Structure formats: structure tokens, C-alpha cells
């Protein structure tokens, strides 16, 4: 499972990446999770199964959805409180739910 | 305060979203990002060149020879001084990408258009002469840097718009069947490139007959100078900071949205300081407001100057929740990343905490502006210190090694601590009451069971 995260500079989402990797390991799920800035999404989305946006860049959802729809990749915004508390487990479950 | 949030959500947010998504502004923002790694590397050489150590200059001269500084600053000439050239390519590339036309051709055409707009001459004062003479046959370095920034952005947009319109209307030279596709592709850019260069050429000829004399002069007089004056003023800075934090109040990345529009202005103000600093590291610098002014003196810990708030949570919180958020936030906070605070505490959509979140940065802008404009504290030297650099270190580096830059950061930290304190207390109390309330409820339940 390949999960791509994106925010303005790819900085704060990279904090979440670590937490999600931990959560995946605990569950025994093999997942590649990585974070990029909004400008870099186009170069990375081809390798992803799911694209998640930080809530602070949710104004980009329409544009990113277009990119995702063209490739059949679900795109959504991470819930604000899960994002703020770096709840890797919830966000991982959210990503896996989107994929189904 | 609840009404204020509704107003932000319904009125400000959609407009901000539309501005942030505007194709040309996005291309400008993404194109300018291309220069940032270069500027940071150039800054490294600048810092080494002007280390504020007594006797440093003499020491370096004795080891590396008289011209050590000139040689050391070669990379600065190849980074800061060609900023506009890189932007010219980068903006066109990113815009063409959005239109799904060949970005490489668009970038190349844009650079040609930018240079076509630039007269190949410079003023030079020969040794012993009193007046400068015009020298032909050179690309003027001055116009390749921040001075040429606005021309580069404008022509990148104009040339790419012409390019993609012609391609999309399919006005291209088609080769007969049997010609290898690679060969016929190379002809595709011919007509649009010709039209772009024709337009810029005519514009240049036309302007040479006016008092403006060149495209660079007209853009500078009508656009760059007024915009820089506005963006470099105290009022401009306060409005920018208000907008950034009002957007964050509803959970949108205000700094990215506002910076996307005002970034080019702050970048060229920064480079004006850099040029002055390079000429004389102890001389008067022209601008207070630059990109680093906001990143390093206002946004300590992230937008809202939240490092002070994180420290309060760590040291003074009584509720478990605030203790946790404090622990979670301190490491990223030292590098000026604060999403755990804004979304976790949360500040976003929180009528109580939005007050200090907006108030603190505005107060810091006013304090820092006056501290720097009166000469009490050194102005940012134009060294492009990345926004993730921790407090105190960043203030030292960004002023070109002046202690006063660190002192102001420390002072601002204390000011934001005082502003946040009462609001932090109220919120922590509320959280503690909630925790005790639910704990009491739980123990009630065990009793009845």
C-alpha cells in the first residue's frame, strides 16, 4: 500500500509519516508512506494508491481530486484533530478505508 | 468571536482559496521555489565571507591572499545575481505544466524573451575616469538578479500564454507523413516561439522611442517600485500578518497563501539588502521588511509565534491534554513547525485562542519594525536563512552576525509569552475541568456499579 501525504512544504506531514509507519508496523501492514509539498504532488502521485492532504491545504482538494480522478486514486483531507495530535493509527485507517 | 469565525469561513476562505489556486500566481510561487536552494547556498558563502570575528579579514588575507573575498563570493554571483534568469525559466515551466504543454520549450522561450527585453549594455567607470561610459556587448548582471525579477515573471507569463494558445489552437508546422516524429516535434515550437519573440521585440523597439527607454525601466517604475514600497512598509507588513493569521484561524495555511502573492516583493527587498550588505557589511541597509523579517522575528515556533505557547504548555500545564500537546509540539516547534499546536491544541476555530494567535504577531511586527528602523537592532542582511532554522541561531545568521538580532528574538519571545499567558491559563483550566469532570463521572459510575 502506497500512501502519499501532502501539505504546503511537506514538513508537518513528514511528522505524521513517522507515526503512520509505526502504526503500520504494529499492525503488520506493509506500507510505503511519504510526504511531499503541494507543488511536487504531480511527480509523485503516479506511485501512490491514496493521496491525503493536510487540513491546512484543503483549498487544494478540488485540484488534487482532478489529478487523482484521472488515475483512479482516491484523494481526501485528513481530519484536523487527527492531524494535530499526529494520530498515525487513525490516519492510517482512514487511508486504508479510502482505498477500498 | 463566533461570528468572526463564521465571517472568515464564509467570506475570507473562499476568496483566499481562489487566490491560492489562481494558475498564474501558483506558477509564480512554484517557479520562485526553484531559486531557494541556490539562494541558501549563496548565503552560506556570504556568511563565511563576513564572519564578524575581529581580525578575520586580515587572517583570511594572509592565508588566501588579498582577493580572498572576491573569490569566495563567486558563488553568490551565480546564485543571487541570476535569480531573475532562474525565475524566468521556472515560472514558464510551471505554467506550461499546468496547461499540459511542453514545459521545457516554454521555459527556453521565456528565457529568450527575458533576454530580448534586456539591453546588452552596462555602465562602466574606467580607472582614472570621472564619468561612467556605456559598454556594449555584455549581459547586465544587475538586471539578471532581483532588479529583473518582475520583468522575468511578467514575460514568463505572457510568453507561456502565447505559446500555449498557439499550440492549443494547433497552429503548428506539420511535417508530411514519413518524417520521424522527433523531427516534426522539433518544429512544433517554431511558430509560437516566433510570435513570442516578435511581440517582445516590437515592445522593446516601441519603448526605446519613449522616455522609459526599456521594458525593464517601465516595469520598475510602474510596478516594482510601488509594490516594493507598499510591501516594505509597516502598514503593508501588518496587513499581511493579519491576513496570514486570519486564514490560519480557520485552519488554512495563511503563510503559504499570502506568501504566494507577496513572496516576490519580499524576495526582492531581501536581495536589495543583500547587495548593500555585500558592499559594506556594517553600512546602512535599505529595508526592514524582507522574507526573513517575518520568518525569523515574527513566526518563532511557526505562524502565531507559538513557541512561547508550547513552552507554557510544557512548564505550566495542569491538564493532561495540554501537557501531551506540549510534549508533542516542542521538537517540531524548535524548527518552527506548529501544526500539532494549531490543529491539536487546537487554535484553529477556537474563539479564545485565536485572540493571542492574531494579536502576538501583530505586536511583534510593530516592535521589530521600530527596533530595526531606529537602528537599535540590525536589519536582516539579506542572507537567506531557511525558515526552519531555530530561534537565536537564525537571528544571528540573518543579520550577518549581529548580537542585536538574537536579542530582539529573545525579547519577542518574552513578549509573546506574556500575550499568550492569560489565554493559555483559561484554556488549560477548562481542559483540566473537563478531565476532572469526566474522571468524576467515571468514579460515579464505578460506585453505582
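Just so you know, all these numbers are worked out from the coordinates, no wet-lab data involved. Quick caveat: nothing in here was measured; it's all calculated off a predicted structure. No Cβ is skipped: glycine too gets one built from the backbone with ideal geometry, and neighbour counts run over all protein chains shown.
What the table below lists for this structure:
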| quantity | calculated |
| --- | --- |
| Neighbour-count ranking [beta-carbon atoms within 10 angstrom, fewest first] of B:89, B:7 | B:7, B:89 |
| Beta bridges per DSSP with both ends in chain A, % antiparallel, nearest 5 | 0 |
| Calculated Rg and Dmax of segment B:295-449 using C-alpha coordinates, Å | 18.3, 71 |
| Tail beyond 15 Å, pair distance distribution of segment B:1-85 (Cα, percent) | 71 |
| Stretch gain in nm, segment residue B:238-residue B:225, where the contour uses 0.36 nm per residue and the Cα spacing is subtracted | 2.7 nm |
| For the protein assembly as shown, convex hull of alpha carbons as volume per residue, Å³ | 213 |
| Segment A:84-98 and segment B:205-241: distance between their alpha carbon centers, rounded to Å | 47 |
| B:100, A:60 arranged by Cβ crowding within 10 Å, fewest neighbours leading | B:100, A:60 |
| Choice from B:21, B:208, B:134 showing the highest fluctuation, given a GNM over chain B with Cα pairs closer than 10 Å | B:134 |
| Size descriptor, Kirkwood hydrodynamic radius, that averages inverse alpha-carbon separations across segment A:1-83, Å | 12.6 |
| Top of A:18, A:43, A:56 by mean-square fluctuation, Gaussian network on chain A, Cα under 10 Å | A:43 |
| GNM top mover of B:366, B:53, B:109 - chain B, alpha-carbon springs below 10 Å | B:53 |
| Centroid-to-centroid separation of segment A:1-70 and segment B:323-358 [C-alpha atoms, Å] | 22 |
| For B:29, A:71, B:316, order by how many other beta-carbon atoms lie within 10 Å, fewest first | A:71, B:316, B:29 |
| Shielding by partners, peptide B:241-253 (average Cβ within 10 angstrom, other chains) | 2 |
| Inter-probe distance in nm under a simple model that places probes 7 Å from Cα toward Cβ, at residue B:209 and residue A:99 | 6.7 |
| Modelled FRET efficiency - R0 25 Å, residue B:201 with residue B:174, Cβ distances, 0.05 increments | 0.45 |
| Calculated FRET value between residue B:373 and residue B:194, using beta carbons and R₀ = 35 Å, to 0.05 | 0.10 |
| Residue B:11 paired with residue B:414, simple spin-label distance in nm, labels 7 Å along Cα-to-beta-carbon | 3.9 |
| Residue-span extension gain [residue B:433 to residue B:139] - 0.36 nm each, minus C-alpha spacing | 98.9 nm |
| Within segment B:11-29, backbone nitrogen closer than 19 Å to the virtual label 7 Å beyond the Cα of residue A:43 toward Cβ | B:26-29 |
| Fraction in percent of alpha-carbon pairs per bin - 10 Å, segment B:1-46 | 24, 25, 23, 19, 9, 0 |
| Label zone at residue B:282, where the point sits 7 Å out along the Cα-to-Cβ direction: segment B:54-68 residues whose backbone N lies under 12 Å | B:54-57 |
| Value of Rg to Rh for segment B:187-318 (Rh from inverse mean 1/r over Cα pairs, i.e. Kirkwood) | 1.16 |
| Rounded to 5, percent antiparallel among DSSP beta bridges of the protein assembly as shown | 25 |
| Potential extension, residue B:129-residue B:320 segment - 0.36 nm per residue separation minus Cα distance | 61.3 nm |
| Quarter of the Cα convex hull surface for chain B, i.e. its orientation-mean projected area (nm²) | 31.7 |
| Share of pairwise Cα separations in segment B:387-430, more than 11 Å, in percent | 67 |
| Estimated 222 nm signal from helices in the protein assembly as shown, with DSSP H stretches of n ≥ 4 weighted -39500 (n - 2.57), rounded to 500 | -20000 deg cm²/dmol |
| Percent breakdown of C-alpha pair distances by 10 Å bin, ordered from the shortest bin, for segment B:25-212 | 9, 26, 27, 20, 11, 5, 1, 0 |
